[in-house]
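Written out below as structure tokens is the structure these notes cover.
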Amino acid sequence: MRGIPAKDSARAMTKADYEALAQFRYQLRRFLRFSEEVSQAHGVTPLQYQLLLQIKGFPGRDWASVTELAERLQSKHHGVVALISRCESQGLVQRRASASDLRQVEVRLTPSGARCVGALASVHRDELESFQGLLAMPGPALGGLVRKA
């Protein structure tokens, strides 16, 4: 396929492998669609929710840099800057120059942003718990796939 490097596999894909991967992608898509709908019902886009979640869930501190957020969201730096600007205009985040490195911008949640992500994360956690046992996760066991029972 164009743009995707071919990878030699130690074994051929079986019908069960395809079924497990298809089931995993189906359940993943169901969760993502749920996330889209619940985020919009709370007045934010799914990407805005992801930004808020990455700030709140950033390891070891209560803020993240633009570069870190771009990595966590797997997005381009300029796109994340625009996303932050939209969230800032909604009063969900604020930017401030780092006290330790003036070249770095810290992105922090506002109280409104913290309430929003708290409500959404709780609903997402509950939905994920309802998926328990339904997801087939790719992994090294069982011929490359691990099924949750």
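Since every read-out is calculated from the coordinates, none of them should be taken as a lab result. Owing to the predicted nature of the structure, the values given are computational and were not obtained by experimental measurement. When we count neighbours, we look across all protein chains shown, and the Cβ atoms used for this are built from the backbone with ideal geometry, even at glycine.
Using mean Cβ contacts within 10 Å as the protection proxy, how do 91-100, 12-21, 47-56 order, highest first?
Top of the packing list down: 47-56, 91-100, 12-21.
Given a Förster distance of 35 angstrom, what is the FRET efficiency for Arg11 paired with Phe34, based on the Cβ-Cβ distance and rounded to 0.05?
After rounding, the FRET efficiency stands at 0.55.
What are the residues whose amide H is under 5 Å from the amide H of Ala64, where those residues sit 5 or more places off or on another chain and H is modelled from the backbone?
Close amide H contacts, sequence-distant or interchain: Val107.
How much length would be gained if the chain were fully extended between Phe58 and Asp101, taking 0.36 nm per residue of separation minus their Cα-Cα distance, in nm to one decimal?
Length gained, Phe58 through Asp101: 13.6 nm.
Which of Cys87, Gln40, Thr110 sits farthest toward the positive end of the charge dipole of segment 15-147, with +1 on the Cβ of Lys and Arg and -1 on the Cβ of Asp and Glu?
Result: Cys87, furthest along the dipole toward the positive end.
Once amide H atoms are built 1.01 Å from N in the peptide plane, which residues 5 or more positions from Thr110, or in another chain, come under 5 Å H to H?
Correct list: Val93, Gln94.
Quick one: net charge around Phe58, please, counting Lys, Arg +1 and Asp, Glu -1 for every other residue with C-beta under 13 Å from its C-beta.
0
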